[in-house]
Amino acid sequence: MREDSDPEGDNPRPERENPTEVSPKAARVLRRNDLRSWTRPAPSLYPHQWSWDSAFIALGLAHLDNRRATRELETLFESQWATGKLPHIVFNPDAPPKSYFPDAERWSASELSPHAPDEAQTSGLCQPPIHAISVLRIWETVQGMDERRVGLAHAFLRDSYPRLLAWHLYLATARDPEGSGLVTIYHPWESGTDNSPRWDSALKAVEVGEVPPYTRYDLQHVADPSQRPTDEEYNRYLWLLELLKEARYEEAEIYESHPFLIKDVLFSAILVAANEALLKIAAEVEAPDEECELIESWIERGRKSLEERWDPDLKLCLDYDLRADSPVRVRTVAGFAPLVAGGLSPERLNDVLETLDSPEFAENPELRWSLPPSTSPEESGFHPRSYWRGPTWPVIHWLLWWSLLRAGETERAEKMRRASLDQLVKGGFAEYFEPFTGEPLGSSDQSWTAAVALDFLAAGSNQSE
Ligand code: 2M8
């Protein structure tokens, strides 16, 4: 029974955030994971720098220390590949041995690719492009502060702009050679929703060869292995990695031979939203007109192609498997991609909200909080405790909340913000939560959970709660 469903008003009110308690706790999590110029996603499970984690972390840090927030992203930008790619992991040379696998050695990115940076060891993949959204958030947060701080933030905006443009250009070209407006991913890890049932059929079709021996260290850090991907899934992840290495991370070669090529609608929608942010940054730094026109064309193309991936029966947007040449008919939060991309017709917005507010997602009567689980409980691949197969993820709530606000859906957005904070007040800053009980799962003290809590709270104080 949902704790916030109280039609008669007889039950005690659900817990509400108490900014004076939540905010210092969130700040403490970020401090604990802070390694001075970047932040570990979690103290032991994730000892390296992750790309989209750092983007979320920076937008939370912006409310604590704007300079530190800029540093978080600058550190990541220092490891940008010559192709423009922002790598999904930047390895920490001081991480304890045997703490995370696959490690830098297994990726061998700088040995295999002339495009990888020399100074840092990175993975060969990328993750969803939240970065421009985060850079813009940092800029917005300093507005009204003293001249010096605004000046420093503007310098950061100027330095970030070419980095972000190169990153988005890479995604619009190397990751979309068809010019379709949708980004192709090479691995479930690129989606950020690793073991989502979105990838089951494509992974199943991969013929797994000889994977060099390895030990999984992730299982040492969680209470129960069923919360993490299975060994079978890991074997496939590792096999795909071997294939990417064989192609020396060369995009054209990967496109030619790789068995896992998927047009990821959530990744693509985040890119559209990030391009909107980039356009605002371009205006602030007075970028040339041609660049602004290019960014505008990406936004238009992205929205158009997401509309083409809309499934009128499921009332969700679907990924497209290039190898199977078919849409992936699985109901997950990725289906809300058009809301994230924005610019929807009233009809499409209605459709998206109908699905969001249905028992398939946020209005499932069994849910502890009215928050969309990562996978619909009505899907056969749903699992309430297993990572991206069902648990709720605060960063996803942040993304949907922010998208609802942009769509002018302030009441719905506020409901989501409050429910997500309620969940955190009760369960702490966990990586993810069991959707029916609210039990915290995965790593505790997860940085991006703390970061989005800080942004949620800042939005609450703007409404003078
Ligand atoms: C998870 O992914 C890593 C692989 O990249 C893992 O499971 O080991 C995902 O939740 C991903 O979205 C996130 O960025 C990363 C670090 O929090 O963990």
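Between Asn235 and Leu35, what is the FRET efficiency for a Förster distance of 25 Å, r being their Cβ-Cβ separation, to the nearest 0.05? Mind dumping the intermediate values first?
Values: r = 31 Å, r/R0 = 1.25.
So, using R0 = 25 Å, E works out to roughly 0.20.
The helix-based estimate of mean residue ellipticity at 222 nm for the chain, built from -39,500 (n - 2.57) per DSSP H run of four or more residues and divided by its residue count, is -15000 deg cm²/dmol to the nearest 500. Here the peptides 447-460, 427-440 are ranked by packing, the mean other Cβ count within 10 Å, and the order with the highest first is 447-460, 427-440.
Short-range pairs are left out: with C-alpha atoms under 8 Å and at least six residues apart, the relative contact order of the chain is 19 percent.
Over the stretch 261-371, the fraction of Cα-Cα pairs per 10 Å bin, rounded to whole percents and listed from the shortest bin up, is 14, 39, 29, 14, 3, 0.
I'd like the projected area of the stretch 316-375, averaged over all directions, using the convex hull of its alpha carbons. Report it in nm² with one decimal.
Numbers: hull surface 18.7 nm².
Average projection, Cα convex hull of the stretch 316-375: 4.7 nm².
So for each of 259-265, 35-41 I average, over its residues, the number of other beta carbons within 10 Å; can you give me the resulting order with the highest mean first?
Result, highest mean Cβ count within 10 Å first: 259-265, 35-41.
Relative to the current alpha-carbon distance between Val150 and Glu347, full extension at 0.36 nm per residue lengthens the span by 66.9 nm. Using Cβ point charges alone (K and R +1, D and E -1), the dipole size of the stretch 169-279 about the Cα centre works out to roughly 200 debye.
When the GluC sites (Glu not before Pro) in the stretch 266-355 are filtered for DSSP coil states and for at most 10 other beta-carbon atoms within 10 Å of their beta-carbon, the remaining sites are Glu286.
For the stretch 414-455, the Kirkwood hydrodynamic radius from C-alpha pairs, put into Stokes-Einstein at 20 °C and a viscosity of 1.002 mPa s, yields a diffusion coefficient of 210 µm² per second. Placing unit charges on the Cβ atoms of the charged side chains and taking the dipole of the chain about its Cα centre, the candidate lying farthest along the positive direction among Ser180, Ile299, Leu45 is Leu45.
Sorted by mean Cβ packing within 10 Å, highest first, what order do the peptides 25-32, 80-87 take?
Details: 25-32: 18.5, 80-87: 21.5.
Ranked by mean Cβ neighbours within 10 Å, highest first: 80-87, 25-32.
Within the stretch 287-445, all pairs of alpha-carbon atoms sorted by distance into 5 Å bins from zero give the percentages 2, 9, 17, 20, 18, 15, 10, 6, 3, 1, 0.
Could you tell me the convex hull volume per residue, in Å³, taken over the Cα atoms of the chain?
Working: hull volume 64.8 nm³, N = 465.
Spelled out: Cα convex hull of the chain, divided by residues, is 139 Å³.
Here, each number is a calculation from the coordinates, and none is a lab measurement. All figures in this text were calculated on a predicted structure; none of them were measured in a lab. Here the Cβ is made from the backbone with ideal geometry for all residues, glycine too, and neighbour counts use every protein chain on show.
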